[in-house]
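S.K.: What follows is a structure written as structure tokens; I'll ask about it next.
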Amino acid sequence: MNPLKPIRIFLFVSLFFVGCGTISRGCAKYFGYDEVCVDGVKYIQFTSGASVKYNPDGTIATCR
């Protein structure tokens, strides 16, 4: 067995997890924010973090 194979698998998996959220942060950098749906709740993604989105009546915004 090639001794580098486990290292390659580890690097591939690491890069996959590093990429999570990168697109939303990129959109936020360009447009100012991005909306993301997670488990039925809508979040507003900024370049430095995220916040729950609220409706004008004060309830939490939901999504599908």
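S.K.: So in the stretch 35-61, with the set limited to residues that are over 16 Å from Ser24 (Cα atoms) and of a type outside the set (A, V, I, L, M), which one is nearest to the chain's Cα centre (by Cα)?
M.R.: Asp39
S.K.: Can you say whether Ser24 is out of contact with any Gly (no Cβ under 7 Å at 6 or more places or on another chain) and either among the aromatic types (Phe, Trp, Tyr) or not in a strand (DSSP E or B) (or both), as far as the supplied structure shows?
M.R.: Criteria met by Ser24.
S.K.: Working only within the stretch 19-60, note down all residues that are of a type in the set (A, V, I, L, M), modelled with pLDDT under 75 and surrounded by fewer than 13 Cβ atoms within 10 Å (Cβ to Cβ).
M.R.: Residue satisfying the conditions is Ile23 alone.
The values are calculated or read from the model by the stated rules, or taken from the named source; none is laboratory data. Please read these numbers as outputs of a predicted model, since none were measured by experiment. Methodologically, a virtual Cβ is constructed for each residue, glycine included, from the backbone with ideal geometry; neighbour enumeration extends over all protein chains shown.
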